[in-house]
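Report on the following structure.
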Amino acid sequence: MNRLHIHKFGIFLVIALTAVACIFTQSRSKKNSGTCSGRVVKVVDGDTYDLRLDDSRAIRIRMDGIDAPEKSMPFGKRAKQFLDSLCQEQTITIDSTNRETFRRFISFSYLPDGRELGKEMLKAGLAWHFKKYNSDPELAALEASARKARIGLWVDQPYVLPPWIVRKLNRQGYKIQSIYKAQREHLKGMHSAGCPDVHLCEAIKAGDAL
Ligand SMILES: [Zn+2]
């Protein structure tokens, strides 16, 4: 093992132990079974933040039920700022059982007053209901209300590409700017005589219909 490997293994161990600590806490606690809590130390974007547990270890939380625009996407910075204003320095309680990997916990996140962070993001029109992984009609209704009220993401556009479509196209090699450019051209009817990139445009049309 060289030094890099030892370092990597150390990180893995800390994260693994943190996971164990959370599960251990929940099995012992009768009052708050299935939960653990800590203080928010960093907001990464509109659906991800870092939580420092009471024993000073930090874990990354990917908020369950929603998908927010990333920083490079329209409204990405605003979504991050809004989540920041909701939860920076706050004590958050999570249900830590849904661990995606050792690095990230997928969880709902509760403020001391009981509000759930993802629902607040949906109400503000700064996130999509992540339908692929969540079927809660309450979350779907919150997104629908925000769209109807034309707030946040929905303020002046009838359609906004969901982040999962943009990420997928991005993975396929399309630059973020070219994805939004093609979408704008579509909204203006500029491709009515024929799309210059059928694959890109079909994906955008499918995304717009969501
Ligand atoms: Zn087109």
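The values are calculated or read from the model by the stated rules, or taken from the named source; none is laboratory data. Since this is a predicted model, take the numbers as computed values, not measurements. Counting neighbours? That spans all protein chains shown, and the Cβs are built from the backbone with ideal geometry, glycine included.
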Failed condition for Lys148, given (1) more than 22 Å from Cys36 (Cα to Cα); (2) modelled with pLDDT under 95; (3) surrounded by 14 or more Cβ atoms within 10 Å (Cβ to Cβ): (3)
Where a residue in segment 193-210 is in contact (Cβ under 8 Å) with a residue 40 or more places away in the chain and of a type outside the set (A, V, I, L, M, F, W, C) and its partner, wherever it lies, is more than 10 Å from the ligand (Cβ to nearest atom) and outside any helix (DSSP H, G or I), with Cβ under 9 Å and at least six apart: Gly207/Tyr159; Gly207/Val160; Gly207/Leu161; Gly207/Pro162; Asp208/Pro158; Asp208/Tyr159; Asp208/Val160; Asp208/Leu161
Test: residue in segment 59-78 that is crowded, with 18+ Cβ neighbours inside 10 Å and farther than 26 Å from Pro162 by Cα: yes
Selection status of Pro158, away from the ligand (no atom under 16 Å from the Cβ), in contact with a strand residue (DSSP E or B) (Cβ under 7 Å, 6 or more places away or on another chain) and at pLDDT below 95: no
Residue count for segment 193-210, restricted to those that are crowded, with 17+ Cβ neighbours inside 10 Å and more than 8 Å from the ligand (Cβ to nearest atom): 3
Residue list for segment 166-192, restricted to those being closer than 22 Å to Lys77 by Cβ, touching a residue at least 12 places away in the same chain (Cβ under 8 Å) and within 14 Å of the ligand (Cβ to nearest atom): Leu169, Tyr174, Ser178, Ile179, Tyr180, Gln183
